[in-house]
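Student: Pasting a structure here, questions to come.
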Amino acid sequence: SGHPSLLPCSDPFPHKFMLIFRGAGRSESAPEARRVLDEAAHSASRRWMLEGVRSLSCRLWAAACFALMTLGGMLVLWSAGRDSREPPEMSATAEAVEPLDLSSLPAWELLEEREVYHRYTSIYDRQYRSPQGKTLSFDVVGQPRNANFQLVVVCAVLTSGEDAVGAPEFALIREFASGSGAWHFGVPTGGVEHGESPQEAAVRELAEEAGLVGCSELVPLLPEGHGGILEVKWSRNRFLPFVALGCHSLPATSSEGIEVGGQVLEAEEAGLQAFRANATTILRLIHSGDFLLASAVSFQLALQWVEHQAPDRFLMGAQEGSELVPLFGNGSEVLSKPWASLDERKAYGRYFDVYDRGYLSPEGKELRFDVIGHPSVQNWQFVVICPILELILEQDQSQPVFALIREFAAGSGRWHVALPTGGVDHGETSEEAARRELKEETGLEAQRLVPLLSEGHPGLLELKRARNRGHLFVALGCRRQGPKLSKTQEEEGLSMFRATEGDIWNFLRSGDLLPMSVVTMQLAGDWLRAQGSKNAGIGSG
């Protein structure tokens, strides 16, 4: 079983015990070893007191037994100490830590890929061989008109004065999302065109969507040579976040919001409006669940860069929320008008469906879009659960320890890090689905589940061209209640480990943490800080 064992020893000498410590490659903790040793010593000494030790030979045997006990205890304690130098375990609630270097894990082999649907979006039928030797097929989405399936997401930092050092503000946009049929907030985002570098695409998107030009600095927020952060695990598309400094505005050339800075916008950008807002206001929008995922992740990276790399350029610190200030006057009258859904037909269906959806824009134009959805789940809903294992004291502050999983992403063909995630089955509530997914993917049960979005919220939009929406939870008082029950093909090889907020930042900077999990953990961490550790109800297990 891997536990130290105390076994009675049958031999010609009655009323004597021998301690046999044995392990199966993993010892228990030092406190457990001490407990076993103390119990054994107490049992042995009690028997000796009852029977008496009347002869020198018995006294010599007692000394030998105690020597064996001491030696065994030292071996167990040494083994426990040796194990403590390995990556830490999840205590009693979970299995051992997996290697955090995802590149060292056994690879999935791409066997075949063919395009099965093509219009604005393409769908690819991909076949992989798993490390266990199974051949599995997946639907993967991508936009081949973008070079290397890459997007850029640009966080432009603005100040209130041209020369004075001031509190940073950021350019953000409000744009239409075909997946929800509603307006959402984000930062300038767009595809890298063929023959264009990501830096050139970032400069172009800033001008097209925010009317910002002449940036003095454009800083990539991922390591050099990084291919980008995966949008979702079933997509080939990757986004590259940038922070832009020293930009200034061009006047809009059209009051209808179709043309900005001399650039003609795409269909989904009709009626787009650009604003400036401080960090507190943007964080409030992220908490409202109306901020697009790639923009939320990129903003977190940009804000951290500003705080650590450019503290002398900006006045950092707590700020009051502010009103959204338009960067230019386009589209203000358009934003009050909704987009009208005209018709919809299913154009493709397998693991997920593609819908050809028609809309009437606020300007009266009929436009068509490819919209993606997973029909196997109830109302295209899924859940993301952030399990809190414990709080640790770090620099006089309580820091949460999270349970993460490593899982395969068909879009990239490799391992990624994420929170437990899964669809809401038909007939389930979102909370019932969250409890089931937590048990299936981690073997944990929570004493309490707290929703991280406001009551009645339809869920966080997974992609602006997807119908799927996520309901986010923080799980408190998590305890191990049995083995995990992974059941889908994408959960092949899934395993769990613990991580601190510092680990999360490392995964975020490396691009290995999936965006929906990033936003969920951000909201969970903020909720914990707002509640305080005394009232959060977090169990030690």
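Student: Could you give me the ³J(HN,Hα) list for the range 271-278, computed from phi with Karplus coefficients 6.51, -1.76, 1.60 and θ = phi - 60°, whole Hz, x at Gly and Pro?
Tutor: Going residue by residue, I get x, 4, 10, 10, 9, 10, 7, 7 Hz, with x marking Gly and Pro.
Student: About the Cα centre of the range 166-238, what is the dipole size in debye to 20, counting +1 per Lys and Arg Cβ and -1 per Asp and Glu Cβ, all else neutral?
Tutor: The calculation lands at about 340 debye.
Student: Would you please give the residues with an amide H less than 5 Å from that of residue 414, counting only those at least 5 places away or on a separate chain, with H modeled from the backbone geometry?
Tutor: Correct list: 409.
Student: Of 346/464; 233/365; 134/439; 346/439; 439/464, which sit over 22 Å apart, Cα to Cα?
Tutor: Result: 233/365; 134/439; 346/439; 439/464 exceed 22 Å.
Student: If amide hydrogens are placed 1.01 Å from N in the peptide plane, which non-local residues have theirs closer than 5 Å to the one on residue 273?
Tutor: Hits under the 5 Å cutoff: 174.
Student: Applying the Karplus parametrisation 6.51 cos²θ - 1.76 cosθ + 1.60 with θ = phi - 60° to the phi angles of the range 115-127, what ³J(HN,Hα) value in whole Hz is obtained for each residue in order, glycine and proline being reported as x?
Tutor: Once rounded to whole Hz, the list reads 7, 10, 8, 8, 7, 5, 10, 10, 10, 10, 8, 10, 10.
FYI, it's all coordinate maths here, none of it is from the lab. No experiment lies behind these values; they were computed from the predicted model shown. All Cβ positions, even for glycine, are placed from backbone atoms using ideal geometry, and neighbour counts span all protein chains on display.
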